[in-house]
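Right, one structure below, let's go through it.
Throughout, read-outs are computed from the coordinates displayed, never taken from laboratory work. Not measured: the values here are computed from a predicted model. Note: ideal-geometry Cβ built from the backbone for every residue, glycine included; neighbour counts use all protein chains shown.
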Amino acid sequence: MKARVNESCIGCGLCVTTCPQVFEMTDEGVARAVVGELPAEEVGAALDAQSGCPVGAIEIG
């Protein structure tokens, strides 16, 4: 599984707060995924970040 943040991101930072091992904020003020394959122990938190994203910018698959 991989995580990706699409262009819909508004930079609210919820994903970084929920799953900082997978997401970080860029200098442009939006989030990005910082790992390739999601570590098994981070899948739950990454899915929580995806479901909590107010604009549906996180894609996991």
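Filter the stretch 17-36 down to the residues that are in contact (Cβ under 8 Å) with a residue 24 or more places away in the chain and of a type in the set (V, I, T) and list them by number. Don't jump to the end; show me each part of the working.
Within the stretch 17-36, the subset in contact (Cβ under 8 Å) with a residue 24 or more places away in the chain is 18-19, 21-23, 30-33, 35-36.
Answer for the stretch 17-36, where residues must be in contact (Cβ under 8 Å) with a residue 24 or more places away in the chain and of a type in the set (V, I, T): T18, V22, V30, V35.
Select from the stretch 3-61 the residues that are of a type in the set (D, E, K, R) and surrounded by 13 or more Cβ atoms within 10 Å (Cβ to Cβ) and list them in ascending order. Result: E24, R32, E42, D48, E59.
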